[in-house]
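Engineer: Dropping a structure here in C-alpha cells format, bear with me for questions.
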Amino acid sequence: MEAINNEEAKAYFSRELLIWYRRIKRDLPWRMNQDPYRVWVSEIMLQQTRVDTVIPYYERFMSKFPTVRALAEAPEPEVLKCWEGLGYYSRARNLQAGAREVVERYDGVVPDDKASVAGLKGVGPYTTGAIMSIAFNRPEPAVDGNVMRVLSRYFCLEEDIAKPATRVGIEKLAASLIPEGAAGDFNQALMELGALVCTPKSPSCLPCPVMEHCAARIAGRETELPIKTKAKPPRPEKRVSVIVAGTGVNEGKILVRQRPETGLLAQMWELPHLLVPKEQEQVVEAAGEGSGSSTEYAAAGEWLTRSLETDTGILIRPRGWFMDTDHIFSHIHWKMRVYLADLGPHAEMAEASGASLAAETAAAYEVDGLRDEYRWIGPKDMETLAFPNVFLRILRDYWT
DNA sequence: AAACCGTGGTA
DNA sequence: TTACCAAGGTT
C-alpha cells in the first residue's frame with residue numbers, strides 16, 4: 001500500500017467513487033429524471049426506510065400525486081392512506097404541508113435555494129443537501145447513516161456517529177470531497193457505496209473502488225467502525241384492544257376511532273384499546289386463549305367494560321378472547337390482547353324503542369355518547385381510512 | 001442531549 | 001430469537 005497524504009487520499013476517493021457510481025448505479029424510479037418534486041418525495045420516503053420497501057409506495061404516490069400542486073390540493077386523509085404501512089406518518093403530513101407552502105409562496109415551483117428548501121416542513125439537514133445536490137446539482141453535503149459509515153471507515157474516524165455533533169463534523173468533510181460540478185452524483189455515490197458495498201455488518205471490501213486507501217481497511221478495523229452507541233430497547237406496554245360488533249343499524253360493522261392530531265400514529269385509525277395498569281396485568285393475563293376459568297374471564301371483562309366506559313363513554317359487553325399480538329415500534333413494545341364484544345344493554349334498548357331509523361341513530365348516539373372520533377365501519381371503509389399495521393393485521397384476521 | 005416517531009429485513 | 005438498523009426530523 002502506497003503511503004499518501006490526506007489531500008491525495010481525498011482526491012483519490014472522490015475520483016474513484018464517482019467513476020464507480022456512474023458505472024454501476026441502480027436504476028431506481030426516482031432516478032428517472034431530476035424533477036425536484038420527485039427527488040423531494042423520494043428523499044422523504046427513504047428516511048429510515050429501505051429502498052425495496054419504498055419503491056412500490058413511491059410508484060403509487062407519484063401516480064396519485066404527480067405534481068406539487070396535485071399533492072397540495074389533495075385531501076389529507078388520501079395522502080395518509082397512500083402512506084399506510086410505511087411508518088413515521090408525520091412524514092406524509094409534513095410533506096403535504098411543504099407542498100402547500102411551495103404552492104403558496106413559490107408558485108408551485110420547488111425553489112433552487114438552500115434556505116427556502118431547508119425551511120420546508122420535514123426537511124432537515126440531510127434532506128436539504130440531498131434535494132439541493134440531486135435536483136439542482138448544488139455543492140451541498142447530504143450526510144446520512146451511509147455517509148457517516150463510509151467516511152468513518154475510509155478516514156478511520158472514531159467519533160460516535162450517534163452524537164449530533166459528529167454529523168456536523170462529517171458534513172464539513174463531505175463538502176470538501178464534492179467534485180466540481182458533480183454534487184448530485186457524488187452524494188448518491190457515497191450512499192450507493194454504503195448500501196451495496198460498505199455495509200454495516202460485513203463490508204465487501206474486495207469490490208470496493210476505494211479499498212486501496214481506506215484507513216480502516218488498512219488498519220484491519222473495518223468491522224469496528226463506525227462507533228455508535230446502542231439505542232435503548234423499547235419499553236413494554238400491555239394493552240387490551242376490543243372489536244365491538246355493531247347491532248341493528250350497525251349490523252356487520254365494528255367500532256373504530258381516529259387517533260389525536262399529534263403523537264404516536266397521529267390521525268391514524270385504530271380499534272379502541274387501553275393501557276393495562278400494572279395492578280391489572282394479572283387479571284388480563286389470566287383471560288387468554290383457552291387459559292382462563294369463567295371467573296377469570298368475568299374479572300377481565302369487568303375491568304375492560306368499566307375502563308372503556310370511563311375512557312370513552314361506550315358501554316360494551318365482552319364476548320371472549322380473539323387474539324394476542326405483539327407490535328414493536330422504535331421506542332414502545334405493545335403486547336396486545338384483543339377481545340370480541342358487542343354493545344351493552346342500554347344501546348339495545350335504544351334500538352328496540354321502535355323509533356324511526358334516523359331518530360334511532362340519533363338516539364343511539366345520545367345514549368352511547370359516541371364521540372366525534374368514533375365511527376362504525378365495514379370492510380369497505382378499510383379502503384378509505386388509514387390504519388397502522390398493528391391494527392391492519394388484526395382487522396384482516398377478523399374479516400377473513 | 002435525548003426522547004419521540006414505524007416498519008420490515010437480516011443474521 | 002434477539003439484536004441491529006435503514007437515503008432522519010422534530011421537540
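Where a number appears in this text, it was derived from the coordinates with a stated rule and is not lab data. Worth saying up front: this structure is predicted, and the values here are computed from it rather than measured. Positions of Cβ are generated from backbone atoms using ideal geometry, with glycine treated the same way; all protein chains shown enter the neighbour counts.
Engineer: Whole angstrom only: what separates the Cα centroid of region A:147-222 from the Cα centroid of region A:253-332?
Structural biologist: First find each Cα centre; the distance between them is then 47 Å.
Engineer: Let me ask you something else. Just to be sure I understand the rule: take each whole DSSP H helix in chain A, project its Cα atoms onto its long axis, keep it if the span is 15 Å or more and its mean Kyte-Doolittle hydropathy is at least 0.0. Which ones pass? Don't skip to the answer; put the middle values down first.
Structural biologist: Details: long enough: A:6-24 (27 Å, -0.67); A:51-64 (19 Å, -0.25); A:90-106 (22 Å, -0.99); A:125-136 (16 Å, 0.98); A:164-177 (20 Å, 0.45); A:183-196 (19 Å, 0.48); A:294-312 (26 Å, -0.66); A:357-368 (16 Å, 0.38).
Counting only whole DSSP H runs, the qualifying helices are A:125-136, A:164-177, A:183-196, A:357-368.
Engineer: Between their Cα atoms, which of A:Lys10/A:Lys228; A:Lys114/A:Lys228; A:Lys121/A:Lys335 are more than 26 Å away from each other? Write down the numbers at each step before the final one.
Structural biologist: Values: A:Lys10/A:Lys228 24 Å; A:Lys114/A:Lys228 29 Å; A:Lys121/A:Lys335 33 Å.
In this structure, A:Lys114/A:Lys228; A:Lys121/A:Lys335 lie more than 26 Å apart at Cα.
Engineer: Which value at 222 nm does chain A reach when only helices count, each DSSP H run of 4 or more adding -39,500 (n - 2.57), with the total divided by all residues and rounded to the nearest 500 deg cm²/dmol?
Structural biologist: On the way: 17 runs with 187 residues, N = 400.
Calculated at 222 nm, the ellipticity per residue is -14000 deg cm²/dmol.
Engineer: Further question: For chain A, give the share of DSSP beta bridges that are antiparallel, in percent and rounded to the nearest 5; count only bridges with both residues there.
Structural biologist: On the way: 21 of 33 bridges.
Of those bridges, close to 65 percent are antiparallel.
Engineer: I'd like the distance separating the alpha-carbon centroids of region A:56-119 and region A:125-141, in whole Å.
Structural biologist: Their Cα centres are 18 Å away from one another.
Engineer: Let me ask something else. Counting other Cβ atoms within 10 Å, which GluC sites (Glu not before Pro) in region A:1-82 have at most 13 and lie in a DSSP loop? Mind dumping the intermediate values first?
Structural biologist: Working: sites: A:Glu2, A:Glu7, A:Glu8, A:Glu16, A:Glu43, A:Glu59, A:Glu73, A:Glu78; in loops: A:Glu2.
Of the GluC sites (Glu not before Pro), the ones in loops of region A:1-82 whose Cβ has at most 13 other Cβ atoms within 10 Å are A:Glu2.
Engineer: I need the fraction of alpha carbon pairs in region A:6-218 separated by more than 33 Å, rounded to a whole percent.
Structural biologist: Working: 3710 of 22578 pairs.
Everything past 33 Å amounts to 16 percent.
Engineer: If you don't mind, another one. What residue among A:Thr384, A:Thr295, A:Thr67 shows peak mean-square fluctuation when chain A is described by a Gaussian network model with Cα springs under 10 Å?
Structural biologist: Taking springs between Cα atoms under 10 Å, the residue moving most is A:Thr295.
Engineer: Still on this model: Could you tally the net charge around A:Val117, taking each other residue with its Cβ under 10 Å from the Cβ of A:Val117, Lys/Arg +1 and Asp/Glu -1? Display every interim value, and only then the final one.
Structural biologist: On the way: positive: A:Lys114, A:Arg138; negative: A:Asp112, A:Asp113, A:Glu140.
Summing Lys and Arg as +1 and Asp and Glu as -1 gives -1.
Engineer: Still on this model: If you filter region A:75-173 for trypsin sites (Lys or Arg not before Pro), then keep DSSP loop positions with at most 16 other Cβ within 10 Å, what is left?
Structural biologist: Values: sites: A:Lys81, A:Arg91, A:Arg93, A:Arg100, A:Arg105, A:Lys114, A:Lys121, A:Arg149, A:Arg153, A:Arg167, A:Lys172; in loops: A:Lys121.
For trypsin sites (Lys or Arg not before Pro) across region A:75-173 that sit outside H, G, I, E and B with at most 16 neighbouring Cβ atoms in 10 Å, the list reads A:Lys121.
Engineer: With Rg and the Kirkwood Rh both taken from Cα atoms, where does Rg over Rh land for chain A? Could the numbers behind the result be given before it?
Structural biologist: Numbers: Rg = 26.8 Å, Rh = 24.6 Å.
Looking at chain A, the ratio lands at 1.09.
Engineer: With the cut-off at 1.5 for a/c, could you classify region A:220-305 from its C-alpha gyration tensor as rounded, prolate or oblate?
Structural biologist: Values: a/c = 3.17, a/b = 1.69, b/c = 1.87.
Oblate shape, in that a/c is at least 1.5 and b/c is the bigger or equal ratio.
Engineer: Enter the mean projected area of the convex hull around the alpha-carbon atoms of region A:59-179, in nm², rounded to one decimal. Write down the numbers at each step before the final one.
Structural biologist: Details: hull surface 34.1 nm².
With every direction weighted equally, the projected area is 8.5 nm².
Engineer: Could you tally the net charge around A:Ser14, taking each other residue with its Cβ under 12 Å from the Cβ of A:Ser14, Lys/Arg +1 and Asp/Glu -1? Present the calculation step by step, with values, prior to reporting the outcome.
Structural biologist: Working: positive: A:Lys10, A:Arg15; negative: A:Glu7, A:Glu8, A:Glu16, A:Glu180, A:Asp185.
My count for the surroundings of A:Ser14 gives -3.
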